[in-house]
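The values are calculated or read from the model by the stated rules, or taken from the named source; none is laboratory data. The shown structure was predicted, so the numbers you read here are calculated from the model rather than taken from an experiment. Neighbour counts are summed over all protein chains in view; Cβ atoms, including those assigned to glycine, are modelled from backbone coordinates with ideal geometry.
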Amino acid sequence: MINNVDAVYIHIPFCKEICAYCDFCKVYYNKKYVNKYLDALEKEIKSNYKGEVITSLYIGGGTPSSLSVDELKKLFGILKIFKLSKECEITMEVNVDSLSLGKIKLLKEFGVNRVSLGVETINSKLQDVLERRTNKDRVISCISNLRSVGITNINVDLIYAIEGESLDDLKKDLNFILSLDVPHVSTYSLIIEDNTKLKIKGIKNIDKSLDREMYDMISKILKENDYIHYEVSNFAKNNYQSKHNLKYWNNLHYYGFGVGASGYLDNIRYTNTRSITNYIEGKNVLDKEILTIKDKIFYEIMLGFRTNIGVDKVEFKKKYNVNIDELFNYKELVKDKVLDEDCRYLRVREEYFYVLDDVILRFIDTLQTNVSFDIIV
């Protein structure tokens with residue numbers, strides 16, 4: 001039995017350019033594949049969507065805005081199958097170079113009310129490393145056009161910790177982003193992933209101590225400008241936190257449709273094939289992880305600790321019929337001021353966000369030795 005599925009992720013893999021750092025599921029835009037892909041997407045949705053009311057719809061990629069106006073119309077026509085709530089947050093990832101005013105008006109017509117803009121850096125030296133070009137004037141113009149049609153809930157992506165980047169370089173990128181006055185900023189320390197151009201070219205990660213300085217600088221500057229550090233990598237003005245991404249971090253169920261997409265339904269986390277050929281042929285699901293109660297609890301902790309709210313102890317008890325402190329002997333972490341706890345929430349203190357993985361491991365290590373997950377229902 002699937003319960004409380006109210007979120008949908010849609011993956012559009014096409015890109016006009018492939019950035020050197022990207023390891024997401026993507027292919028070069030090729031018109032002859034787009035319609036076949038959209039037909040396969042429609043088939044997958046119709047075969048799996050059960051008619052639930054959806055409160056967040058996220059269209060990611062790839063570069064969804066690389067589709068033509070007619071292709072976007074077809075995509076939005078397919079997505080009309082979903083029963084969207086009146087307050088549904090509809091997000092689409094875009095690139096300034098592929099988002100014309102005509103496309104922006106189409107987004108508005110469909111109901112897109114949140115846009116995530118890939119800026120990454122406006123430093124030409126660092127853009128050379130990432131193999132992408134982001135013109136400052138185009139970014140400003142794009143945001144102006146979005147606002148002109150009433151799309152004001154805008155996220156900007158920032159990548160930092162790029163080989164050759166200084167603290168001063170980062171500060172200039174941050175100042176540019178602040179000048180845009182957008183309500184949400186996502187920040188990502190550059191990771192050199194396998195099978196990316198950066199890895200092949202031998203680009204290295206920067207020194208850890210500099211990476212930490214950059215992380216702390218970002219947090220300090222954005223908080224000084226009224227952004228809430230509400231998740232390890234995300235900052236938002238009040239009431240502009242991403243409703244969709246919070247569903248992931250709150251360990252809630254969601255559909256994932258499209259090549260390379262992931263979803264979580266009932267006790268199964270699944271990932272679709274990354275082969276666009278297989279996907280078009282209807283060979284969708286690549287991997288399924290059937291979760292035990294122990295797995296679900298560990299996900300609850302690992303995801304919840306990413307946010308400034310933390311793990312909701314009341315909801316934890318409702319979900320798993322056991323108090324979190326009956327499973328984990330974590331009070332020493334509270335005493336050491338690694339964790340904060342009140343009557344409702346258990347959270348990681350912000351100064352430990354940077355070493356979150358270590359904190360989670362320390363927390364998991366406090367699992368009571370006498371716990372039997374078999375009796376939790």
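For this structure, a couple of remarks:
- Of all residues making up the stretch 125-167, the number that are touching a strand residue (DSSP E or B) at 6+ places or on another chain (Cβ under 9 Å) and among the acidic types (Asp, Glu): 1
- Among the conditions (1) of a type outside the set (D, E, K, R); (2) farther than 24 Å from residue 30 by Cα; (3) not assigned by TED's automatic domain parsing to the domain that holds residue 339, the only one that residue 314 does not satisfy is (3).
- For the stretch 143-150, the criterion of being of a type in the set (S, T, N, Q) and either surrounded by 17 or more Cβ atoms within 10 Å (Cβ to Cβ) or in a strand (DSSP E or B) (or both) is met by at least one residue.
- Boolean, residue 93 is of a type outside the set (Lys, Arg) and more than 21 Å from the chain's Cα centre (by Cα): no
- Here 247, 237 are screened, and the one residue that is under 27 Å from residue 112 (Cα atoms) and touching a Pro at 6+ places or on another chain (Cβ under 8 Å) is 237.
- Residue 82 vs. criteria closer than 25 Å to residue 51 by Cα, touching a residue at least 40 places away in the same chain (Cβ under 8 Å) and under 22 Å from the mean Cα position of the chain (by Cα): yes
- Matching residues, the stretch 65-82, being surrounded by 19 or more Cβ atoms within 10 Å (Cβ to Cβ) and among the polar types (S, T, N, Q): 65, 66
- Against the conditions (1) in a strand (DSSP E or B); (2) surrounded by fewer than 21 Cβ atoms within 10 Å (Cβ to Cβ), residue 92 satisfies every one except (2).
- For the stretch 260-274, the count of residues that are over 30 Å from residue 43 (Cβ atoms), of a type in the set (Lys, Arg) and out of contact with any helix residue (DSSP H, G or I) (no Cβ under 6 Å at 6 or more places or on another chain) is zero.
- Selection from the stretch 86-143 of residues that are basic (Lys, Arg) and closer than 29 Å to residue 8 by Cβ: 86, 103, 105, 108, 114, 132
- Of all the criteria given as (1) touching a helix residue (DSSP H, G or I) at 6+ places or on another chain (Cβ under 8 Å); (2) surrounded by 17 or more Cβ atoms within 10 Å (Cβ to Cβ), the one not satisfied by residue 331 is (2).
- Checking 361, 346, 303 one by one, the residue that is surrounded by 15 or more Cβ atoms within 10 Å (Cβ to Cβ) and over 21 Å from the mean Cα position of the chain (by Cα) is 346 and no other.
- None of 216, 226, 211 is under 24 Å from residue 308 (Cα atoms) and in contact with a Ser or Thr (Cβ under 9 Å, 6 or more places away or on another chain) except 211.
Yes or no, residue by residue, for (1) part of a helix (DSSP H, G or I); (2) in contact with a His (Cβ under 8 Å, 6 or more places away or on another chain); (3) among the polar types (S, T, N, Q):
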residue: 33; (1), (2), (3): yes, no, no
residue: 37; (1), (2), (3): yes, no, no
residue: 40; (1), (2), (3): yes, no, no
residue: 44; (1), (2), (3): yes, no, no
residue: 47; (1), (2), (3): yes, no, yes
residue: 57; (1), (2), (3): no, yes, no
residue: 70; (1), (2), (3): yes, no, no
residue: 73; (1), (2), (3): yes, no, no
residue: 76; (1), (2), (3): yes, no, no
